[in-house]
Amino acid sequence: MSRLLLDTHVFLRWRAGGGGLAPAARAAIQDADVVYVSAASAWEAAIKIALGRLHLPGRFEDGVLASRFEPLAVTMRHAEETANLPPLHRDPFDRMLVAQARVEGLTLVTRDPLVLAYGVVGLVA
């Protein structure tokens, strides 16, 4: 069973038609049994929208549902797992996605190969 977690950038690229994603990543997303998008990604996007650095055609959640992806809530267990991560990456949103992938046993699809240095199962998009 293929279960993926998309990072924010990958999700936004997917919503824009998939341009700029590696062919292997596009195929993995299309063929996955379930694809998750984290509430942490919605939060990251909301911050970028508020700063004027991102514009979306509608609500982030509507985009997740229109893509037939599953929203993934941030839980206490996810938050606590971040304490087990070495300080390889400073981005708190990426660290949360790594923690969620580890806790939930998901393959993290990311554009940032540094994220995969955590030893999480991943795919570079």
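Points to keep in mind about this one:
- Cross-chain or 6+ apart pairs with Cβ under 6 Å, region 2-26 first and touching a residue at least 24 places away in the same chain (Cβ under 8 Å) and crowded, with 18+ Cβ neighbours inside 10 Å, then aromatic (F, W, Y) and not in a helix (DSSP H, G or I): L5/Y36
- Test: residue in region 106-118 that is at pLDDT below 95 and more than 18 Å from L4 (Cβ to Cβ): yes
- Residue match in region 33-42 (condition: free of Cβ contacts under 8 Å to residues at least 40 places away in the same chain and in a loop (DSSP other than H, G, I, E, B)): yes
- Checking the stated criteria, A40 turns out to be of a type in the set (A, V, I, L, M) and surrounded by 14 or more Cβ atoms within 10 Å (Cβ to Cβ).
- Candidate set: region 96-111, residues that are more than 11 Å from the chain's Cα centre (by Cα) and not aliphatic (A, V, I, L, M); chosen: the one farthest from V74 (Cα to Cα): G105
- Single condition E81 does not satisfy, out of (1) in a helix (DSSP H, G or I); (2) touching a residue at least 40 places away in the same chain (Cβ under 8 Å): (2)
- Of all residues making up region 74-114, the number that are surrounded by fewer than 19 Cβ atoms within 10 Å (Cβ to Cβ), within 11 Å of A40 (Cβ to Cβ) and aliphatic (A, V, I, L, M): 2
- Scope region 45-78; condition assigned to a helix (DSSP H, G or I) and either within 28 Å of D31 (Cβ to Cβ) or in contact (Cβ under 8 Å) with a residue 24 or more places away in the chain (or both); matching residues: A45, F60, E61, D62, G63, V64, L65, A66, R77, H78
The values are calculated or read from the model by the stated rules, or taken from the named source; none is laboratory data. In this text the structure is predicted, and so the values were computed from the model without any measurement. FYI the Cβ positions are ideal-geometry reconstructions off the backbone, even for glycines, and counts take in every protein chain you see.
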